[in-house]
Each structure stands twice: as C-alpha cells, then as structure tokens.
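Peer 1: This is the structure I have questions about; it appears just below.
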Amino acid sequence: MMIIFIHKMRDKNKEVCKLIIESMRGLLLEERIPSQSKFFSNIGLKSEDVFNMIEYHDSYKDLYPSYSDYENEYEEDYYFETKEDAYNDVNKTLHFFNNLPNPIPIYRSIKVKSMLDINFDNLGDSWSFDKQSAVNFAENQAGGNVLLIAKTKFDNVDWNNTLKLWYQFSRTDDGYDENEINIIDSDKIFYLEKEKI
C-alpha cells in the first residue's frame with residue numbers, strides 16, 4: 001500500500017513539474033518574441049494609430065481579415081493580406097520616420113517668375129524628406145522651377161498627417177512617390193537654400 005502511495009505521489013510531482021516547466025517555457029518565449037504593437041517615441045505614434053489613418057474603406061474589404069466588425073462586401077481584397085503583414089508594414093514605416101535625422105532635411109519645389117518672387121513669409125506646409133521626390137514632383141506635376149532646401153525639427157512635423165499622406169501618395173510602383181513631410185509652422189524652417197531646377 002505504501003509503495004502504491006509513493007508511486008502516485010511521484011506521478012503527481014512529475015505532472016506538477018511538467019506543468020511548471022511548460023509555463024516557464026511559455027513565459028520565456030513571450031519575452032523573446034516582441035509584441036507586434038510598438039510605440040515610436042520620436043514621433044509619438046504607435047502601430048495602431050497608423051491603422052486608423054489608412055484610407056482603405058472604399059477600395060478594400062477591410063484593413064486585414066477580421067480587423068473590424070465592418071467589411072466592404074463589394075470588394076474582395078484586403079489592404080494587407082494578414083494581421084502580421086499589417087504590423088510588419090506599419091512598424092517598418094514608423095521605424096523609418098522615427099529614425100530620420102533631427103533636424104530633418106526637407107525639400108519643396110515651387111514655381112516662381114524669379115527668385116525675387118519667393119514668398120519667405122509663407123513657404124508652405126508640404127515638403128519632402130527626399131530631394132529627388134521634390135524634383136520629380138516639380139517636373140511631372142507642379143511645373144516647379146525652384147527647389148527650396150531646408151531643415152526642420154521633429155516637433156515641427158505633423159506626424160499624423162505625414163503618415164496619412166505616406167499611405168496615400170508614397171507607395172506607388174511608378175517611381176514618383178511624393179515622400180511628403182507635413183510641416184506645422186513654416187516659420188520654424190531653417191538653413192533655407194534655393195536652387196533652380
């Protein structure tokens with residue numbers, strides 16, 4: 001009888017040990033695999049903030065399968081094929097903007113009759129973080145003939161609008177991405193230079 005009791009206790013202890021080991025293994029794996037949701041401190045945005053900025057309702061079934069309670073029954077495709085794709089894409093984009101140099105080099109093409117006609121009191125809020133994108137915009141859309149080159153700090157960027165515009169106009173396959181940076185106050189732009197396009 002005593003031998004049976006000892007074996008039962010040993011079996012119970014094995015089960016308890018196994019349960020503890022499996023729980024510990026689960027906790028270690030959770031610590032090793034980072035959460036999909038991330039916060040990017042330089043621009044003050046987290047992954048889900050960007051989900052709300054992407055305009056997909058009219059052209060896609062949903063942002064990704066089971067993202068929302070509403071799915072557009074007239075569309076077949078999702079903006080992102082999976083939830084993982086959505087987080088990977090958005091986190092990669094946020095990481096890029098979060099790691100731009102501060103101050104950020106910015107570029108804007110304008111059309112003027114002469115350099116004397118540049119309105120330095122109102123330089124505009126639509127700039128690009130990429131020089132070639134500003135030049136392409138001038139040549140292909142705006143007919144600009146002068147390129148403004150300047151810098152601005154992170155806190156002078158409307159990051160919400162910048163990310164919204166990124167997902168609207170900077171994910172094309174035609175090579176003419178606008179790569180826009182939306183400025184809050186043009187008075188906080190500095191090191192301004194200008195050159196003819």
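Peer 1: If you count, for each residue, the other Cβ atoms within 10 Å and average over each peptide, how do 155-167, 79-91 line up from highest to lowest?
Peer 2: Output ranking for 155-167, 79-91: 155-167, 79-91.
Peer 1: Something else now. Using the Cβ atoms and a cut-off under 13 Å, what net charge is assigned to the surroundings of VAL112, where Lys and Arg are +1 and Asp and Glu are -1?
Peer 2: Computed value for this residue: +3.
Peer 1: Turning to a different aspect of this structure: With a cut-off of 8 Å between alpha carbons and a minimum separation of six or more residues, what is the relative contact order of segment 39-98 in percent?
Peer 2: 36 percent.
Peer 1: Quick one: what do you get for segment 104-196 if you divide its Cα Rg by 2.2 N^0.38 Å?
Peer 2: Normalised by 2.2 N^0.38 Å, the Cα Rg of segment 104-196 equals 1.03.
Peer 1: Separate question: Ordered by packing density, taken as the mean number of other Cβ atoms within 10 Å over each peptide's residues, highest first, how do 38-49, 109-120 rank? Kindly include the intermediate steps, with their values, before the conclusion.
Peer 2: Details: 38-49: 16.0, 109-120: 12.2.
In decreasing order of mean packing, 38-49, 109-120 become 38-49, 109-120.
Peer 1: Could you tally the net charge around PHE39, taking each other residue with its Cβ under 11 Å from the Cβ of PHE39, Lys/Arg +1 and Asp/Glu -1?
Peer 2: 0
Peer 1: So, counting K/R as plus one and D/E as minus one, what does the shell of residues with Cβ under 13 Å around HIS95 add up to?
Peer 2: Residues near HIS95 contribute +2 overall.
Peer 1: With an 8 Å cut-off on Cα pairs and a minimum separation of 6 or more residues, tell me the relative contact order of segment 78-197 in percent.
Peer 2: Taking the mean separation of contacting Cα pairs over the length of segment 78-197, I get 30 percent.
Every number here is computed from the coordinates shown, using simple stated rules; none is lab data. Quick caveat, the model's predicted, so the values are computed rather than measured. Note that we place each Cβ from the backbone using ideal geometry, even for glycine, and neighbour counts take in every protein chain shown.
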